[in-house]
Amino acid sequence: MYHYSTVPNGFKWGVSTSAYQIEGGWNEDGKGPSIWDTFSHIPGNIFENGNGDIACDSYHQLDADLYMLRSLGVNSYRFSISWSRIFPNGQGTVNNKGVEYYNKLIDGLLANNILPMVTLYHFDLPQALQDNVGGWENETIIDRFKDYAEILFQRLGDRVKFWITLNEPYIIANLGYGDGAFAPVHCHSDFTLFLGIYSPGIAVYLAGHNMIKAHAEVWHLYNDKYRASQGGLISITLNCDWAEPNNPYKHDVSAAERYLQFMLGWFAHPILVNGDYPEVLKTQVQHINTQCSTTLAELPTFSEEEKAYISGTADFLGISHYTSRMVNASEIPSCVANYDNIGGFATHVDPSWPTTSSPWLYVVPWGLRRLLNYVKEEYVKGGLPIYITGNGMPTPYTGEVFNDTARVEYLTAYINEALKGNEYIDIY
């Protein structure tokens, strides 16, 4: 099936979910509301006004989930924990029924020889923390996240040996605090007044800044207090498209590099390189502000102490990758605060790329291999393991069982591209 190479020994075959997308039971057994509960209950925010109130009903279908995992033959399962199921208000008293649910899931996985890969945070912030402090824009969230993580290490860490602090902080910051496509922008109308700084070019980078510091705090907590007795690994999952220069002989090469640094380097460089943002990011933000009559973007700074504390806080690198883009340089600077304008690039797709049922996701398998090569050269020269923690494609829902050949072909092609690099990249 995989014509290029063989899967290395110890390869982790797995599937991945997130709490809000599958659990349901949104207000049961003491669970508090999350920002996604609130966001999805506002008419018009979600296609056909869908929500996660029931979702896949995993909260009530644990045995069925374990049966499906066992039948798939996977040896790992990545899932996330709902913060508001553990702390209904984001802090304070622990909801023991929430802990009990995850205990049962973890015990069931281990009984079936499936490795639990646990994500602490996958987009679903407790609504109380958004209302009361402004969510990830407020640095007090760092201590709340640390307290939440510590409870999980204490209650689950004897069996969980693979932790992910944050899933795709780029998405959390850019779509949640930037363009408003995701929660929490429309959850609580007063949160911008609470901090008084909302702007796609300002709130986005402040939220990202606090997430980097929160990740480092939790990594050090585990490293200093729990690693010796529990023997686990802890890191972060970052998402990134591949950026292919539209013209390899023009300024498009630099634009493609900026695209990668604005999406991946924003978080990977502080955590994996030197504790600070990449120079490309800092220089471009300064450049675009100079070009405009107002501050279009504001990148916070780390102190020297913070840089030393953040650098190296990764036992592996989780990568989510789904698609690619053709990138060219923006000819005329635009003073509208959005991701592309601040980065000084424009994107498009090759019309020959196969489409999927999501308008943003095109099938470009070779983009994964190029991204892995880039990550190896830029961030993991010392052999840090890479786990592809998210990959796949959507297909139209017909309500009927169907022959899912498109997804089979997608996964086969992407796995083949990953295998082309397995001799010099530690991929799991």
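The values are calculated or read from the model by the stated rules, or taken from the named source; none is laboratory data. Note that the structure is predicted; figures quoted are calculated from it, not measured. Cβ sites come from the backbone with ideal geometry, for glycine too, and all protein chains shown count toward neighbours. All accessible areas refer to the heavy atoms of the entire protein, side chains included, with ligands and DNA or RNA removed. Shrake-Rupley method; radii C 1.70, N 1.55, O 1.52, S 1.80 Å.
Scanning region 334-388 for residues that are closer than 18 Å to Val280 by Cα and among the aromatic types (Phe, Trp, Tyr), which turns out surrounded by the fewest Cβ atoms within 10 Å (Cβ to Cβ)?
The residue in question is Tyr374.
Go through (1) open to solvent by 30 Å² or more (accessible area, probe 1.4 Å); (2) among the β-branched types (Val, Ile, Thr); (3) over 21 Å from Asn373 (Cα atoms) for Val273 and report which single condition fails.
(3)
Go through region 70-98 and give me each residue that's without any contact (Cβ under 8 Å) to a residue 60 or more places away in the chain and open to solvent by less than 10 Å² (accessible area, probe 1.4 Å).
Scanning region 70-98 gives Ser84, Gly90.
Considering only region 71-119, state which residues are assigned to a loop (DSSP other than H, G, I, E, B), in contact with a Gly (Cβ under 8 Å, 6 or more places away or on another chain) and within 25 Å of Ile142 (Cβ to Cβ).
Matches in region 71-119: Ser82, Phe87, Pro88, Asn89, Gly90, Asn95.
Go through (1) touching a residue at least 60 places away in the same chain (Cβ under 8 Å); (2) β-branched (Val, Ile, Thr); (3) over 23 Å from Gly208 (Cα atoms) one by one and return the number of the condition Thr398 breaks.
(1)
Across region 277-295, which residue is most open to solvent (accessible area, probe 1.4 Å) among those that are in contact with a helix residue (DSSP H, G or I) (Cβ under 7 Å, 6 or more places away or on another chain) and closer than 21 Å to Ala256 by Cβ?
Once the filter is applied, the top-ranked residue is Val280.
Looking at region 372-415, which of the residues that are over 21 Å from Thr355 (Cα atoms) and among the basic types (Lys, Arg) is nearest to the chain's Cα centre (by Cα)?
Applying the filter and picking the extreme gives Lys376.
Exactly one of these conditions fails for Ser58: (1) hydroxyl-bearing (Ser, Thr, Tyr); (2) open to solvent by less than 20 Å² (accessible area, probe 1.4 Å); (3) without any contact (Cβ under 8 Å) to a residue 40 or more places away in the chain. Give me its number.
(3)
For region 36-52, which positions are under 14 Å from Glu23 (Cα atoms) and small (Gly, Ala, Ser)?
Matches in region 36-52: Gly52 only.
Within the bounds of region 252-266, is there any residue that is modelled with pLDDT under 95, in contact with a Leu (Cβ under 9 Å, 6 or more places away or on another chain) and open to solvent by 30 Å² or more (accessible area, probe 1.4 Å)?
No: region 252-266 contains no residue that is modelled with pLDDT under 95, in contact with a Leu (Cβ under 9 Å, 6 or more places away or on another chain) and open to solvent by 30 Å² or more (accessible area, probe 1.4 Å).
Of everything in region 116-133 that's more than 20 Å from the chain's Cα centre (by Cα) and over 21 Å from Gly25 (Cα atoms), which residue is most open to solvent (accessible area, probe 1.4 Å)?
Asn132
Only one of (1) at pLDDT below 95; (2) crowded, with 17+ Cβ neighbours inside 10 Å; (3) more than 18 Å from Phe123 (Cα to Cα) is not met by Asn45, so which one is it?
(3)
Would you confirm, using the coordinates I've provided, whether Asp65 is assigned to a helix (DSSP H, G or I), among the acidic types (Asp, Glu) and surrounded by 16 or more Cβ atoms within 10 Å (Cβ to Cβ)?
When the stated conditions are applied, Asp65 passes them.
For region 141-204, please list each of the helices (runs of 4 or more DSSP H) lying entirely inside it that holds at least 1 residues being at pLDDT below 95.
Helices (runs of 4 or more DSSP H) meeting the threshold: 169-176, 191-195.
Just to be sure I understand, how many residues within region 306-320 are open to solvent by less than 10 Å² (accessible area, probe 1.4 Å) and in a loop (DSSP other than H, G, I, E, B)?
2
Could you identify the single residue in Gly30, Gly24, Gly44 that is under 21 Å from the mean Cα position of the chain (by Cα) and in a loop (DSSP other than H, G, I, E, B)?
Answer to the check: Gly24.
In region 222-243, is there at least one residue being over 28 Å from Pro116 (Cβ atoms), crowded, with 22+ Cβ neighbours inside 10 Å, out of contact with any Gly (no Cβ under 7 Å at 6 or more places or on another chain) and of a type in the set (Gly, Ala, Ser)?
Yes, that holds for at least one residue.
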